[in-house]
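So the structure is just underneath, and the comments pick up after that.
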Amino acid sequence: MSAAAAKPVLYSYFRSSCSWRVRIALALKGISYDLVPVNLIKDGGQQFSAEFKALNPMQQVPALKIDGITLSQSLAIINYLEETHPNPRLLPQDPKKRAQVRMIADHIASGIQPLQNLNVLKQMGEKKMEWAQNCIMSGFQALEQILQHTAGRYCVGDEVSMADLCLVPQVANAERFKVDMGPYPTITRINKALLELEAFKTSHPSRQPDTPAELRA
């Protein structure tokens with residue numbers, strides 16, 4: 001089988017919110033793949049191995065081997081899947097709505113998630129819980145306001161989009177860091193609706209091959 005025809009391989013960690021975004025996209029688009037777990041905690045972090053560094057020099061998950069190339073960065077991966085497997089659509093046709101989807105995705109992927117990422121928290125020592133909560137709360141205050149203008153059933157209108165693929169894993173992070181979700185009713189409502197969809201369930205951190213037994217659904 002040629003490299004281009006081979007089954008895609010996703011390097012993922014069950015709890016990585018960026019990996020979860022890509023797992024949702026693959027599930028929604030019905031793309032079957034092999035999963036290679038990369039444990040970000042074990043062995044001092046398997047992402048730092050020479051083998052994985054050769055695959056992704058940023059030493060982060062996810063990485064996706066697909067169509068003979070290796071891609072990292074979750075939004076770049078999702079955009080590639082969108083262009084090569086257009087159905088179902090994750091970016092609206094309308095340019096204004098598409099811009100709103102990208103804005104919300106970037107808001108989470110650039111403005112919230114990296115600030116409370118494992119690498120940053122390691123530097124924060126005993127303050128890590130407080131730091132993570134503050135980063136998420138300030139990001140969610142803005143996001144709640146934005147969603148009041150863009151949301152229908154989901155983040156932008158009534159169709160699932162790339163914005164929703166970013167929202168659900170970020171809410172899971174918020175819950176893990178014990179952020180009070182009371183002030184964010186729109187985020188909470190959308191998250192609940194999305195978690196009822198099959199693609200969000202099958203890709204959930206509690207249902208991955210590398211999920212520890214005590215965290216399995």
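Before moving on, here are some points about what is shown:
- Net charge dipole size for the range 149-215 [Lys, Arg +1 and Asp, Glu -1 on Cβ; Debye, nearest 20]: 140
- The range 186-192 - phi-based ³J(HN,Hα) in whole Hz, Karplus 6.51/-1.76/1.60, Gly and Pro as x: 5, 4, 4, 5, 5, 4, 4
- With helices as the sole contributors, the chain gives -15000 deg cm²/dmol at 222 nm; each DSSP H run of n ≥ 4 counts as -39500 (n - 2.57), and the sum is divided by every residue.
- Distant-in-sequence amide H partners of Glu159 (H built 1.01 Å from N, under 5 Å): Tyr154
- Partner lysines whose Cα lies under 29 Å from the Cα of Lys127, excluding those fewer than 8 positions away in the same chain, are identified as Lys42, Lys178.
- Apportionment of accessible area to carbon and sulfur, the range 1-101, percent (1.4 Å): 53
- Residue pairs, from the table Lys29/Lys192; Lys7/Lys192; Lys29/Lys65; Lys65/Lys122; Lys65/Lys192, whose Cα atoms sit over 27 Å apart: Lys7/Lys192; Lys65/Lys122; Lys65/Lys192
- Antiparallel bridges, percent of DSSP beta bridges restricted to the chain (to nearest 5): 60
- Surface accessible to a 1.4 Å probe, per residue, for the residues of the chain, Å²: 50
- The magnitude of the dipole of the chain, with charges of +1 and -1 set on the Cβ of Lys/Arg and Asp/Glu and taken from the Cα centre, is near 60 debye.
The values are calculated or read from the model by the stated rules, or taken from the named source; none is laboratory data. Worth saying up front: this structure is predicted, and the values here are computed from it rather than measured. When we count neighbours, we look across all protein chains shown, and the Cβ atoms used for this are built from the backbone with ideal geometry, even at glycine. Surface areas here come from the heavy atoms of the whole protein model, side chains and all, with no ligands, DNA or RNA. Shrake-Rupley method; radii C 1.70, N 1.55, O 1.52, S 1.80 Å.
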